[in-house]
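Read-outs throughout are calculated quantities, based only on the coordinates presented, and are distinct from any laboratory measurement. Note that the structure is predicted; figures quoted are calculated from it, not measured. Glycine also receives a Cβ, built like all others from the backbone with ideal geometry; neighbour counts cover every protein chain displayed.
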Amino acid sequence: MNGYFRTALLLAGMTALFMAVGFFLGGGQGMMIALFIALAMNAFAFWNSDGIVLRMHGAHEVDARSQSELFSLVVQLAQRAGLPMPRIYIMENEQPNAFATGRSPEKGAVAVTTGLLRILDCDEAAGVIAHELAHIKNRDTLIMTITATIAGAVGMLANFAMFFSGSSDNRYNPFGIVGVILVMVLAPVAAMLVQMAISRSREYEADRIGAEICGQPLWLANALGKLDHAAKRIDNPRAEASPATAHLFIVNPLHARKVDSLFSTHPSLANRIARLQAMAGGRGGHGHVPQTSRASGPWG
């Protein structure tokens, strides 16, 4: 519950930041306009974000006929999680990665790359899919989409500040052009930090619940190690072109050498793996698992 409370506070802080920028630019009227824009963008994101992000990453839907082993694995894990069957998508991408989307469990979707199916065994794939189902179960997909939308809107609104810089009678900005520059630089950075804080807290929780769903924390721990190692070597051109969606993936799709750790969308992989290993030690590494994940599948 503490995680949900912290997330709610961060979302409230993000919205307050957006309104504060509006107030700085136009006083009470500017703040109300900013609030209206935020509500409109959130409404749009609520209804359309899943389809947009899937198209952005070239995902195509598969079924029991085209991906029988993968479909069967997701069916069993969804049943264990107490979730409706999500739609399953595959992205033609050499970088091994995955994400979940959908505004509710009933509209959930899981997308995995061809690279993931190529390098993970069935047990590790089960851990990854369970992690994504945990995001759907926690409604993280909606929270993180709204956060990304507001963060983008803060940056857009901050850029508008330059258009107001010529107004000398703006009593809400006593610092003149210096204040405008500060808003343009600091507001997007503050929004980014809040977005990263929300994303990192939800990743830890999804790791924990995902490990409980599949019953074997070490499966997810092993998968994370493989995915992180490969993601640092293999490009993800679609993610590089749309970095605002990076926080949706199970591991950072952007090359670590290009992104400072302060602005990373994901918590430390070493910390995530250590927590999963501690979970496995606490339960002796045993758990009830889907039988399909023990068989050979489309991962070779």
task: Once you have the Cα-Cα distance between Asp63 and Thr114, take 0.36 nm times their residue separation minus that, and quote the gain in nm to one decimal.
output: 16.8 nm
- prompt: For Lys232, which aspartates and glutamates qualify as cross-link partners when the Cα separation must be under 14 Å and same-chain residues fewer than eight apart are set aside?
  reply: Glu94, Glu240, Asp260
- prompt: Rg to Rh ratio, the range 71-130, alpha-carbon atoms and Kirkwood radius?
  reply: 0.96
- request: Please order Ile90, Ile129 by the number of other Cβ within 10 Å, starting at the fewest.
  value: Ile90, Ile129
statement: Assertion target for Leu73, Leu117, ordered by fewest C-beta neighbours within 10 angstrom first, is Leu117, Leu73
- line: Listed with the fewest Cβ neighbours within 10 Å leading, Thr113, Thr245 appear as Thr245, Thr113
query: How much length is gained on full extension from Ala274 to Lys232, taking 0.36 nm per residue of separation minus their Cα-Cα distance?
result: 13.1 nm
